[in-house]
1. Filter the range 189-217 down to the residues that are within 17 Å of the chain's Cα centre (by Cα) and among the hydroxyl-bearing types (S, T, Y) and list them by number.
2. Taking M109, is it modelled with pLDDT under 95 and not aromatic (F, W, Y)?
3. Looking only at the range 150-178, filter to residues that are free of Cβ contacts under 8 Å to residues at least 40 places away in the same chain, closer than 15 Å to E208 by Cβ and of a type in the set (S, T, N, Q); which one of those is surrounded by the most Cβ atoms within 10 Å (Cβ to Cβ)?
4. Which of (1) of a type in the set (G, A, S); (2) within 17 Å of the chain's Cα centre (by Cα); (3) at positive phi; (4) surrounded by fewer than 15 Cβ atoms within 10 Å (Cβ to Cβ) is the odd one out, the single condition G62 does not satisfy?
5. Using the structure shown, decide if A25 is at pLDDT below 85 and among the aliphatic types (A, V, I, L, M).
6. Sort out which residues of the range 71-98 are modelled with pLDDT of 95 or more and open to solvent by 20 Å² or more (accessible area, probe 1.4 Å), and write them in order of number.
7. Determine if the range 182-193 includes at least one residue that is surrounded by 14 or more Cβ atoms within 10 Å (Cβ to Cβ) and in a loop (DSSP other than H, G, I, E, B).
8. Taking the stated definitions as given, is W111 open to solvent by 80 Å² or more (accessible area, probe 1.4 Å) and either assigned to a strand (DSSP E or B) or among the aliphatic types (A, V, I, L, M) (or both)?
Amino acid sequence: MRTLACAVLLAFGGGVAAAQAKSPAHTQTLFPEYYPIGGLGITEAPYSARQTTVRIQTAENGQKFSTSEVSLWWRDAEGRTRQERLMKMPSGQEYRSIDVTDPNTRIRMTWSTPPAGVAIGTRSVTIWPLLAKPKIGPPRWRARTTGSWPNGYSEVILEQQQVNGIDALGLRITGVMTLGTDQNGHDLKGSSLLEVWVSPALGIVMREISDNPRFGRSLSELSDVVGGDPDPALFSPPAGYQVRDMRQNDGAGPN
């Protein structure tokens, strides 16, 4: 999920968490700590889900262009994630691009599955190093000061609701962007919106809506969310694939 780094969400504990007023314009509330896409590194909360993302862009002549993509997600109790992107060849045949990330060994493995009956060279798995060390552990929370946005932006805490059967916490951020100037030197402005809903139990973004005049509108949403450990084989290279290890140890070869 293309999750924006400014997505921050309110934590409810048996209702709305108590906010401590710092000033009329600023309050401090507990929020879940931000996590990478798929919840990499979150332990003790395994799941599987289907992610659908739809993007709509409007051309200068008003014509709208829409694209969509589907991914399947798994995360085990150790914090490893697997994403399968469902792709299509120009012929219309489908194949899958797989990305497995292990925060414990700090590696990422990528490979693809060609369409039935189509041979795409030597089938291989590439192992990449994770340069940054991910945080590992159960979902965490931190104190956040809300209402501290620059001029022209504001945020609204949304009431708890279910997103496709999963309890979620939400935040909506709106603002006015400067897009440039017109021929008379006047600023051209446009409205932007970011709305994010997260599952505090799983530490994953259930729904994200982004709408701004520069990049268009996108909606990304999880469905078919099921708890429980997935098959461990999902996080290992498939049989019959050649392994290419791109990790280097002082130029001496793989670690």
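The values are calculated or read from the model by the stated rules, or taken from the named source; none is laboratory data. As the structure is a computational prediction, the values presented were derived from the model and not from experiment. As a convention, Cβ positions derive from the backbone with ideal geometry for all residues, glycine included, and neighbour counts pool all protein chains shown. Only protein heavy atoms, including side chains, enter the accessible area calculation; ligands, DNA and RNA are left aside. Shrake-Rupley method; radii C 1.70, N 1.55, O 1.52, S 1.80 Å.
1. Scanning the range 189-217 gives S199, S210.
2. On the way: modelled with pLDDT under 95: no; not aromatic (F, W, Y): yes.
When the stated conditions are applied, M109 does not pass them.
3. T174
4. (2)
5. Working: at pLDDT below 85: yes; among the aliphatic types (A, V, I, L, M): yes.
So A25 passes the test.
6. Of everything in the range 71-98, those that are modelled with pLDDT of 95 or more and open to solvent by 20 Å² or more (accessible area, probe 1.4 Å) turn out to be L72, W74, A77, E78, R80, R82.
7. No - not one qualifying residue is present in the range 182-193.
8. Values: open to solvent by 80 Å² or more (accessible area, probe 1.4 Å): no; either assigned to a strand (DSSP E or B) or among the aliphatic types (A, V, I, L, M) (or both): yes.
In short, no.
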